[in-house]
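Data block below; observations after.
The values are calculated or read from the model by the stated rules, or taken from the named source; none is laboratory data. Bear in mind the structure is a predicted one, so any value in this text is a computation, not a measurement. Backbone-built Cβ (ideal geometry, glycine too); neighbour counts: all protein chains shown.
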Amino acid sequence: MMKLVRSLDLPEAGGYAATEKRYSVVLRADVVGADFAAPVLVRVVNISAGGLMAVVPPEPKLDGRVTITIHDLGCFVGQIVWARDGRIGVQFDAAIDPERLIAERATRAAASARAAARFVERRAGLFDEHDGEETILPFVAMMESRDARTGSAS
């Protein structure tokens with residue numbers, strides 16, 4: 001059985017020692033429980049193989065078994081094992097590999113950022129296509145190329 005390690009910066013941590021590596025994150029998540037009328041949006045602030053800590057709204061009171069869907073990371077089932085000062089600690093039913101999950105999320109985010117940048121560069125005319133190859137053009141060459149294509153002068 002996994003043991004959720006309480007955050008050492010909380011006063012209630014007392015004599016708890018860190019037994020799992022925790023990763024500081026800022027992730028949006030939805031928490032769903034049998035007693036909740038609707039999903040509750042929370043902010044996950046750290047995650048480990050065995051659980052997570054999240055900042056929660058004051059209402060509704062969260063406790064019991066929950067399913068947590070962390071945006072762009074996945075869906076996890078667990079038990080809220082503590083709640084205090086607007087934070088909850090959740091122990092997962094099954095261990096996860098947070099390092100792998102965070103790395104995959106970062107890779108997806110980087111790919112999206114590259115695709116967005118490429119779209120903007122294409123729209124701005126910063127790329128020219130020659131024989132199916134895209135080449136980044138210096139600004140002057142870009143303007144000359146655009147003028148030649150449109151038949152206008154800058």
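Looking only at residues in segment 68-107 that are touching a residue at least 60 places away in the same chain (Cβ under 8 Å) and surrounded by 15 or more Cβ atoms within 10 Å (Cβ to Cβ), the one that is farthest from the chain's Cα centre (by Cα) is Trp82.
Considering (1) part of a strand (DSSP E or B); (2) among the charged types (D, E, K, R); (3) within 21 Å of Lys21 (Cα to Cα), the lone condition that Arg65 does not fulfil carries the number (3). For segment 68-75, the condition holds for at least one residue, the condition being that it is modelled with pLDDT under 85 and of a type in the set (Asp, Glu).
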